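See structure below.
Every number here is computed from the coordinates shown, using simple stated rules; none is lab data. Remember, predicted model here, so these are calculated numbers, not experimental data. Cβ: placed from backbone, ideal geometry, glycine included. Neighbour counts: every protein chain shown.
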Amino acid sequence: MPHDHSDHPHALLPPDPALRVKALETILTRKGLIDPAALDEIIDTYQNKIGPQNGARVLARAWCDPAFKEALLADADPVLAQLGYYGRQGEHMVVVENTPQQHNMVVCTLCSCYPWPLLGIPPGWYKSDAYRARAVREPRAVLADFGVSLPEGTRVRVWDSTAEVRYLVLPMRPDGTDGFSEDQLAELVTRDSMVGTGLAKTPEGTT
Amino acid sequence: MSRVHDMGGRFGDGAVRPDPPKAPVFAAEWHARALAVTLACGALGQWNIDTSRHAREKLSPLDYTRFSYYEIWLAALADLLVQKGVLSEDDLAGQGSDTPHPLASKRLTADMVPSVLAKGGPADRDGGPEPVFAEGDAVRTRHPGGNRLVNGGHTRLPGYATGAEGRILRRHGTHVLPDSAAHGLGEAPEPLYAVIFAAGELWSHPENPEDEVVLDLWQSYLEPV
């Protein structure tokens, strides 16, 4: 038995992570504390039901409907709740708009806070030490890692999610999309564009 | 006085590596299980989100650094289950009993999952102290930072933003104070503000002096300028 577990009992579990989670799941199931079927349901929810397509639908609508956009930017919670996008890790939402003058980018330097009901589970890079460490100090260098460079004169505003407020970026609508339907526009709203590490796709880029 | 998770502004981490297009939500099956076990245990109601964040932050710096993201979750969950008396060390070591647990009645079942995830856990509260700052007010974050109630305790004022002057961008209402709630000291709700800082106020070599950083900060983290 490991001997360094006095403060950190996790050392009593097998070190290999896949075996570790299996051991914990087995112990908890035998004691009646968790239901494996509930775990399957949670995984199915975030793998198949809740993801960036939710946020894309909302923001495509904001591109088409000025009154909706105004309401979303002024007070997102009631607007999102009405659309059914309220839930865990999205209880207090703020939508911030990109303009030619200002590019917004979202990070959580202290952990991995992210708007789950709109974007799903965060990708690995969002939770990486490199992103958490660098996004606040050198956002433009981080954008370059994503192949994004901003025009001269655009200021970067980085939002560090230090409380239970979750931020969603409304990217700029690409040129050449006049007359596009909401569904067509939603295809252009990428996950990264809603975090601020990307821009919306252009119509040419969607073929 | 900092902890290992407080890495905003740190040097040396290298490039951010975007994921390939169509990357799966979970890179490995055990990642998905780790997330689901953690959420299911949270439903037992023995801790709140601040306690669970603190459990991750107080892993040893060595473990926090060498563990991958979901390994951090798993280690913190195991520690928390023992710390809160849900499991014993014998249980973790595979030497416990299989008799039904007193908390088994609180078990999250599959049919409850949609409503529990949809319900969430809002952090805003009625009451608490009156807001003393208004939009546009100049404020300074306290220095030194750290939890004022518990030495080495949980706090949400990152080290890079202590002692910095900014201004109130917007109010978020009144929210549970993590510094208190993480340690079973009550929710102690306080006004929460989005506070905006010029990059040059935070970094000795700002990448661009026009850039800004916004943090959500509780009233007791701030003093008037």
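Cross-link partners of A:K31 among lysines, defined as those whose alpha carbon lies under 26 angstrom from its own and excluding same-chain residues fewer than eight positions apart: A:K22, B:K84, B:K106.
Taking each residue as 0.36 nm, the span from B:V132 to B:E223 lengthens on full extension beyond its C-alpha to C-alpha distance by 31.8 nm. Determine the shape class of region B:135-207: with a ≥ b ≥ c the square roots of the Cα gyration tensor eigenvalues, call it rounded for a/c under 1.5, and otherwise prolate if a/b is greater than b/c, oblate otherwise. It is oblate, given that a/c is not under 1.5 and a/b is not larger than b/c. The long axis of helix A:52-64 is offset from the longest Cα principal axis of chain A by roughly 20 degrees. Among the residues of B:118-130, the average count of other protein chain beta-carbon atoms within 10 Å of the residue beta-carbon is 3. Spin-label pair B:R17-B:N151: with each label point 7 Å from Cα along the Cα-Cβ axis, the two points sit 4.1 nm from one another. Full extension of the chain between A:R155 and A:E187 gives 8.9 nm of extra length, using 0.36 nm per residue less the Cα-Cα distance. Taking R0 as 41 Å, what's the FRET efficiency between A:A141 and B:A110 from their Cβ-Cβ distance, rounded to 0.05? Approximately 0.35, to the nearest 0.05.
The simple spin-label model puts a point 7 Å past each Cα toward its Cβ; for B:K84 and A:L19 those points are separated by 2.8 nm. Sorting the segments B:37-44, A:105-112, B:116-123 by their residues' average number of neighbouring beta-carbon atoms within 10 angstrom, most packed first, yields A:105-112, B:37-44, B:116-123. Would any residue of region A:83-107 have its amide N under 18 Å from a label point 7 Å out along Cα→Cβ of B:A118? List them or say none. Zone members listed by number: A:83-92. Extension gain for A:A74-A:D44 works out to 7.5 nm (0.36 nm per residue, less the C-alpha to C-alpha distance).
FRET efficiency for the pair B:T99 and A:Q82, taken as 1/(1 + (r/R0)^6) with r the Cβ-Cβ distance and R0 = 45 Å, rounds to 0.45. Does anyone have the angle between helix B:29-42 and the longest principal axis of chain B? Alpha-carbon axes, 0 to 90°, nearest 10? Value to nearest ten degrees: 80. Just so you know, the Cα atoms of chain A work out to an Rg and Dmax of 20.1, 67 Å. Inter-chain Cβ neighbour count for A:11-17, averaged per residue, equals 6 (cutoff 10 Å, partner chain atoms only).
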